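Single-structure report; data block below.
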Amino acid sequence: MELQPPFRKIIHVDMDAFYASVEQLDNPDLRGKPVAVGGNEIRGVVSAASYEARKFGVRSAMSGMLAKQKCPHLIFVPPRFSRYKEISAKIRAIFYEYTDLVEPLSLDEAYLDVTENKKGNPSASMIAIEIRQRIYDELELRASAGISINKFIAKVASDINKPNGQKTINPEEVLSFLEELSVTKFYGVGKVTAAKMHNLGIFKGKDLKQKSMEELTRLFGKSGAHYYNIVRGIHNSEVKPNRVRKSIAAERTFNENISSEVFMIERLDKIADELETRMISSKTKGKTITLKIKYSDFMQQTRSKTTSFFMQSKAEFLPIIKELLYQEKLQNSVRLLGISFSNLDTVKKEPVFVQLKFDF
């Protein structure tokens, strides 16, 4: 079976080590050195790592202590999200010079549909080269890109020649590319599903392709049809300029573990202030409020409550958060607390990028 035109032209742009690169841009002393944004050698979690640090195995979401063990000369710097948002806005402005069909995924990556574009350029690959060059010329930052007929393949392709490279998967190459792709790279295949597939002898796309729709549905439920289609290059998700906001949150990691609920209430009060500000500024209300607790052993727990009315103010939701905190006994000392709203009253609004904050 061959894929049938017409084909869309989708670019996935992914900034290279964005947070760390911005820090190195603003502080020349950090250039060429292993840098970790967030955390420290005693506490906290790494938000991002420069490529110099990645060579030693330092990765995002790694504890600062482990990162320091892997790279003894690692330099920790506190995150500056206002600065990252400022740079991200400038990058996005470049995107909009080529197309209005821009779907941001985070501060440092986005999909662009350039099938019809403002430059009248029929080559998505050439547009990607031009965008990456402009980002470097105007902002002194590097970006990688993937180009193909749908969002899934473009995103996978953007990782192939990182950093500072790009990869195009042309329409005639899509099926053979997918056949050799590890199932762990497919949308919707997490660790549990991947393990199940491996147990069934499904390691690559070509193995997945041998399974019928009926068999995949029997094995994986509703996701079976998705796997059946995606391995055949069928992924019709459009680039959505206005993604529906699903949640808004605020959270904080502490320098020292907290064992007392009294101290936790003090921290939650401040987190609630921040969340209220975000809710008001985004003109959003929500019905479901969730308390997130991460313990000192990194075990995580969430406790939620859904009300019959939409909430926005701290006066409305903080009493519920206190109720959730005391709902059951804590399992250990606590290193992180967070509050989030979901079940929002949004229809189509600009996406909100929620960033983890740290005490330093």
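The values are calculated or read from the model by the stated rules, or taken from the named source; none is laboratory data. Quick caveat, the model's predicted, so the values are computed rather than measured. A quick note on method: Cβ atoms are made from the backbone with ideal geometry, for glycine too, and the neighbour counts reach across all protein chains shown.
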Evaluation of Thr168 against (1) over 18 Å from Ile234 (Cβ atoms); (2) among the hydroxyl-bearing types (Ser, Thr, Tyr); (3) within 21 Å of the chain's Cα centre (by Cα) (one fails), failing number: (3)
Scan of the range 327-343 for residues that are among the hydroxyl-bearing types (Ser, Thr, Tyr) and over 14 Å from Leu291 (Cα atoms), ordered by number: Ser333
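When you look at Glu23, is it more than 25 Å from Arg278 (Cα to Cα) and at pLDDT below 95, yes or no?
no
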From the options Ser182, Ser259, residue that is modelled with pLDDT of 95 or more and among the hydroxyl-bearing types (Ser, Thr, Tyr): Ser182
Selected residue (criterion: nearest to Glu256 (Cα to Cα)) from residues of the range 55-96 that are of a type in the set (Val, Ile, Thr) and within 22 Å of the chain's Cα centre (by Cα): Val77
Looking only at the range 127-148, and only at residues there that are surrounded by fewer than 23 Cβ atoms within 10 Å (Cβ to Cβ) and among the hydrophobic types (A, V, I, L, M, F, W, C), the one that is nearest to Ser21 (Cα to Cα): Leu141
Every residue from the range 255-268 that is out of contact with any helix residue (DSSP H, G or I) (no Cβ under 7 Å at 6 or more places or on another chain) and not in a loop (DSSP other than H, G, I, E, B): Asn255, Glu256, Asn257, Val262, Phe263, Glu266, Arg267
Residue satisfying all of: in the range 290-310; surrounded by 12 or more Cβ atoms within 10 Å (Cβ to Cβ) and out of contact with any Lys or Arg (no Cβ under 6 Å at 6 or more places or on another chain); farthest from Ser63 (Cα to Cα) among these: Lys305
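Residue-wise test of (1) free of Cβ contacts under 8 Å to residues at least 40 places away in the same chain; (2) touching a strand residue (DSSP E or B) at 6+ places or on another chain (Cβ under 7 Å).
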| residue | (1), (2) |
| --- | --- |
| Leu175 | no, no |
| Tyr187 | no, no |
| Arg232 | no, no |
| Arg245 | no, yes |
| Thr253 | no, yes |
| Phe263 | yes, no |
Val77 within 30 Å of Arg232 (Cβ to Cβ), at pLDDT 95 or above and among the hydrophobic types (A, V, I, L, M, F, W, C): no
Qualifying residue in the range 192-200 (condition: touching a Ser or Thr at 6+ places or on another chain (Cβ under 7 Å) and either touching a residue at least 12 places away in the same chain (Cβ under 8 Å) or hydroxyl-bearing (Ser, Thr, Tyr) (or both)): no
